Amino acid sequence: MNTYSTKTMDSLSKPIMMRTVLIGLIFSVIVSLWGQYASAQMNYSYITRTQIPLCLLVPFLLLILFPNLLLRLKNTSNALTTSELITIFCMGLVASTVPDWGMVRYLISLIAAPGYFASPENQWVEHFYEFLPQWLVLSNDNGEVSDFFAGLPSGRSIPWHVWVLPLFWWMSAMGVLLLVGACLIVMLRKQWIEHERLRFPMGEVVLRLIEMDDDGSSIPRLYRNRIFQTGFLITFTIMVWNCVSFWEVLPRIPINPTVSLIIDPTFPPVNIRLAPYVLCFSFFVNLEILFSVWFFQLFRIIQTGMLNQFGISSPSTSIVPGGLVSIQFCGGLIMFVLWGAWMARDHLKQVFRHAFGRETKLRDEEELFSYRTAVFGLIAGVAYLIAWLYAIGFTLPIAVLFLFFLYVFYIGLARVIAEAGLIHLDLPINANTFTVGMVGSANMTGSTLTGLGLTNAFARNWRTFTMVGLAHVAWLREYIWPNRRMLVLWISMAFIVSVVTSLMYVIYSGYTQGADNLNINLTNTGILFYNLIINWMRNATRITEMEIIFLLSGAAINMLLVAGRVFFYWWPFNPIGFVIGASAPIMNFMFSIFLAWLIKFLLMRFGGVGLYRKTQPLFLGILVGYVLGVAVAYVVDSVWFPDSPHVIEIF
């Protein structure tokens with residue numbers, strides 16, 4: 001699908017100037033601030049959830065891409081080049097991993113909740129307060145936390161200083177988590193992109209939106225395409241129509257209908273839900289993957305129903321939400337990652353040899369940074385994380401085991417999205433919960449369980465630390481020719497300014513409005529995380545024999561799927577469909593993925609690849625129309641309905 005030739009890139013690329021970095025940093029602030037503000041004030045939290053979130057795509061189209069097209073009409077020489085646009089997008093992509101669901105909601109909840117919500121009823125003080133590192137949470141000795149949740153009394157100033165110590169230590173760990181992720185991506189990039197030929201469909205969609213033609217035209221071919229314009233006008237018109245319906249003068253046209261089909265009370269419902277954003281990105285996913293995704297959703301529904309009818313279920317303390325079938329899928333995920341590591345073993349050996357100065361055929365000039373930096377950065381980063389976990393209460397063996405599971409899940413999700421490009425994907429399992437289940441809460445100390453509860457800041461986070469964004473940056477860096485090695489510095493700066501912007505906004509809003517009045521639900525999030533520690537301490541949580549059987553069966557099924565692809569050319573199943581079978585977004589948007597598969601299948605069957613390619617602009621037009629429609633809806637809600645926003649067509 002890549003439409004960029006070497007000639008095109010040569011003609012469009014020139015050294016990245018400081019104006020690009022400055023624009024990228026300002027853009028990163030906008031992405032972070034709007035994502036956090038829209039979530040906290042307007043309840044538009046869904047704009048921060050997907051792997052390429054709307055808090056990134058809306059401002060990128062409105063403030064960067066479309067103004068640049070207008071500039072090309074007047075003065076092509078001053079317009080941003082393709083490389084510069086991709087650089088700005090990469091900086092925005094990394095910045096978008098911070099606001100609300102990206103990171104801030106989890107982090108602020110963990111820092112503030114213990115000092116405000118501890119009570120005789122929940123018994124937090126009696127069970128784990130003695131194990132809480134005071135340098136990671138706020139005390140309420142002078143009312144700092146009460147003022148944050150309830151709002152400052154008149155005449156008092158915001159106590160910024162009390163947040164400095166916990167945020168410093170939290171961000172030191174999170175910064176190293178990202179460093180380790182970046183090192184792993186550098187070590188795996190060549191394996192994924194050059195050896196396994198992963199397509200990065202999400203990145204391909206971005207390139208199609210950004211691409212500039214070298215035929216002398218000011219407006220790219222895509223935006224002149226009548227099919228693109230048709231898809232855009234239809235979708236945008238419907239979105240605007242629905243905005244007008246806020247005043248109840250027109251009937252609303254549902255473009256995101258939701259219906260649940262019940263096969264039998266013992267079977268999970270089949271969700272029939274159309275999400276345009278998911279549909280448009282799914283259209284660019286491999287046909288085999290799309291088929292496998294919806295096929296294994298049917299497999300999940302049928303297997304769960306049959307188990308329910310036979311009365312076979314996991315205990316209430318199950319290590320994976322969703323029961324035995326979800327545990328089975330997680331077994332497939334773990335085997336998927338281990339098999340991928342085995343397939344990459346020769347390449348990784350060469351990477352380590354190269355890092356230690358041995359002679360190899362590898363060259364690392366095209367990487368974000370050198371293999372030596374990656375290997376030694378990985379070793380130093382893991383050492384720091386183990387020390388940090390030990391400092392917050394972990395025993396050393398549990399710290400090592402937890403980090404192993406954490407990066408298995410992180411790498412698994414990054415690898416899946418690199419190949420599949422599914423825009424809305426997370427996992428049902430968290431590394432801390434899985435660690436407790438595998439070892440058994442009765443076999444852990446109170447300080448270890450408390451430390452595992454604190455890791456909810458990043459152990460349940462499937463956007464910021466999973467390396468999905470970093471993997472796509474490493475893939476997109478191919479189109480930033482002159483200054484590739486500087487890209488890692490620029491995205492690091494973008495992450496820092498996004499962290500500062502989002503955190504300062506939430507802290508400021510909490511003290512001026514009261515965090516309980518914000519729409520980011522810090523109260524329930526914090527209570528959920530710390531009650532989890534209580535649950536571990538009170539109940540002997542451990543994986544059961546039945547769960548072990550399903551976990552191992554999932555690993556075996558995954559290997560059968562891999563073997564089928566190797567030995568039978570006609571094999572229709574991709575292991576990815578099984579690996580992500582327990583993902584809640586996949587369950588919710590199964591129909592959108594099925595519809596994308598059906599449309600693509602019919603196009604390929606009756607018109608071949610040519611007809612499919614001709615249809616791509618239609619879905620890109622629908623995507624752009626939907627994104628701009630969300631922007632219009634947000635403006636209408638902000639101006640006319642700030643107290644009761646409609647938040648239409650969410651996913």
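The values are calculated or read from the model by the stated rules, or taken from the named source; none is laboratory data. Owing to the predicted nature of the structure, the values given are computational and were not obtained by experimental measurement. Neighbour counts run over all protein chains shown; Cβ positions are idealised from the backbone, glycine included. Accessible surface areas use protein heavy atoms only, side chains included; no ligands, DNA or RNA. Shrake-Rupley method; radii C 1.70, N 1.55, O 1.52, S 1.80 Å.
Values as computed for the structure displayed
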{"quantity": "For Ser498, net neighbour charge (Lys/Arg +1, Asp/Glu -1) across residues whose Cβ lies under 15 Å away", "calculated": "+1"}
{"quantity": "Summed side-chain charge close to Glu419 - residues other than Glu419 whose Cβ falls under 11 Å, Lys, Arg +1, Asp, Glu -1", "calculated": "+1"}
{"quantity": "Peptides 619-627, 352-360 ordered by average Cβ neighbours within 10 Å, highest first", "calculated": "619-627, 352-360"}
{"quantity": "Ellipticity estimate at 222 nm from DSSP helix runs (n ≥ 4, -39,500 (n - 2.57)) divided over the chain, nearest 500", "calculated": "-21000 deg cm²/dmol"}
{"quantity": "Principal axis dimensions, largest first and in whole angstrom, of the chain by Cα", "calculated": "71, 69, 63"}
{"quantity": "Ranked by how many other beta carbons lie within 10 Å on average, peptides 125-138, 32-45 from highest", "calculated": "32-45, 125-138"}
{"quantity": "Accessible-area ranking of Trp640, Trp170, largest first, probe 1.4 Å", "calculated": "Trp640, Trp170"}
{"quantity": "For segment 23-122: accessible area per residue (Å², 1.4 Å)", "calculated": "26"}
{"quantity": "Mean Cα-pair separation over length for the chain, i.e. relative contact order, pairs under 8 Å, 6 or more apart, %", "calculated": "31"}
{"quantity": "Where Cα atoms sit under 18 Å apart: lysine pairs in the chain separated by 8 or more or lying on different chains", "calculated": "4"}
{"quantity": "Carbon plus sulfur fraction of accessible area for the chain, probe 1.4 Å, in percent", "calculated": "65"}
{"quantity": "Cα gyration tensor category, rounded, prolate or oblate, for segment 138-209 with a/c compared to 1.5", "calculated": "prolate"}
{"quantity": "Packing rank of 540-546, 72-78, 366-372, 255-261, where each peptide gets the mean count of other beta carbons within 10 Å, highest leading", "calculated": "366-372, 540-546, 255-261, 72-78"}
{"quantity": "Over segment 207-278: Kirkwood hydrodynamic radius from C-alpha pairwise inverse distances, Å", "calculated": "15.9"}
{"quantity": "Probe 1.4 Å, all protein chains present, accessible-area order of Asp516, Asp147, Asp643, largest first", "calculated": "Asp643, Asp516, Asp147"}
{"quantity": "Gap separating the Cα centres of segment 561-590 and segment 55-107, nearest whole Å", "calculated": "33"}
{"quantity": "Gyration tensor verdict on segment 284-443 (Cα atoms; rounded if a/c is under 1.5, prolate if a/b is larger than b/c, oblate otherwise)", "calculated": "oblate"}
{"quantity": "Relative contact order (%) - criterion: Cα under 8 Å, at least six apart; region: segment 309-409", "calculated": "18"}
{"quantity": "Cα gyration tensor category, rounded, prolate or oblate, for segment 66-172 with a/c compared to 1.5", "calculated": "prolate"}
{"quantity": "Rounded to the nearest 20 debye, dipole of the chain from Cβ charges on Lys, Arg, Asp, Glu", "calculated": "1760"}
{"quantity": "Proximal charge balance of Ile158 [Cβ under 14 Å; K/R count +1, D/E count -1]", "calculated": "-1"}
{"quantity": "Segment 345-421: C-alpha pair distances exceeding 20 Å, %", "calculated": "50"}
